[in-house]
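Below is one structure, written out as structure tokens; the observations come after it.
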Amino acid sequence: MPRVVGAGNLQPLPATGRRFSDTRRVRLDEAGPDGLLRLDALACHLQDIATDDYLDAGFGDDRSWVLRRLLMVVHAPAGFDETLTLTTWCSGLGSRWAERSTQLRGARGAQIDAAALWVHLDPANGIPRRLAGRFEETFGPSAGDRRVGATLLHPPAPADDGTMRWEPRWCDLDVLGHVNNAAYWTAVLEEATTRGLDAPYRAEIEHRSAVGAGQTLDTPVSVDTDGTLRMWFVNEAGLCASALVGPEPSPCPETRGDGG
């Protein structure tokens, strides 16, 4: 099978291989004024279920992974106090990264699907390192022969007009002192909700470099002809991340990607 873009498309539940499920409830601090699960809280749930699966599989001694790309499609949003069932599995492998898919289904009709590309790092130097044979033995069967690359799809940032800024707070940082993946969605939501955010819709983010404490980022924004909101996060070194929120994509053939 040809290599495809990691987290570029949604995948169905596999017929074979490891699947991990757990339940969550939408808590008060996870829902917005509209009563719906916020994107930053959704991203936290996806991170947590991924970690729980990894630990349950016996990989607690190796947690050096960084998010490269995340696709979330909200077919029907989750509401406050709704019980959610999350099911996650490995849906693609590369030489130094893996794709994880997650289905979220709610007791009151919530339906959300996601795909995330996680890169495996050497904790000593931060350089991507090859997946261990044990990892492929555990998570590989659900991926089958689907190989994924680490290509990024978002366009470069436009010239910033100097009016948009985002300064992450101390509570946006993780234990490594970096802005947590989910925190970016708080900035995106501030823009998206002013323009309307109605399901079904998709939300994507791509990460290029970590952001630490005390940084102020330029955040240019544009809107495509189909209403898709695009947002970039830029510091002095260049583009750190980019995100979009827009209409739910139609199913399409997978496209070719790079990497191993």
Just to be sure before I move on: is L229 modelled with pLDDT under 95 and surrounded by 18 or more Cβ atoms within 10 Å (Cβ to Cβ) in the structure I sent?
no
If the Cβ limit is 7 Å and pairs must be 6+ apart or interchain, which residue in the stretch 131-154 that is hydroxyl-bearing (S, T, Y) pairs with which residue that is open to solvent by less than 40 Å² (accessible area, probe 1.4 Å)?
T138/A57; S142/P14; S142/W89; S142/C90; S142/S91; T151/V5; T151/G257
Of these, D53, D61, which one is outside any loop (DSSP other than H, G, I, E, B), without any contact (Cβ under 8 Å) to a residue 60 or more places away in the chain and of a type in the set (D, E, K, R)?
D53
Condition first: of a type outside the set (K, R), open to solvent by 40 Å² or more (accessible area, probe 1.4 Å) and under 19 Å from the mean Cα position of the chain (by Cα). Now tell me which residues in the stretch 1-22 satisfy that.
L10, Q11, P12, L13, S21, D22
Of the residues that make up the stretch 148-160, is at least one among the β-branched types (V, I, T), in a loop (DSSP other than H, G, I, E, B) and under 17 Å from L70 (Cβ atoms)?
yes
I want to confirm something. Restricting to the stretch 167-208 and keeping residues that are among the hydroxyl-bearing types (S, T, Y) and at pLDDT 95 or above, which single residue is least open to solvent (accessible area, probe 1.4 Å)?
Y184
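The values are calculated or read from the model by the stated rules, or taken from the named source; none is laboratory data. On a predicted model such as this, the values are computed, not experimentally measured, just so you know. Counting neighbours? That spans all protein chains shown, and the Cβs are built from the backbone with ideal geometry, glycine included. The accessibility values were calculated without ligands, DNA or RNA, using every heavy atom of the protein model including side chains. Shrake-Rupley method; radii C 1.70, N 1.55, O 1.52, S 1.80 Å.
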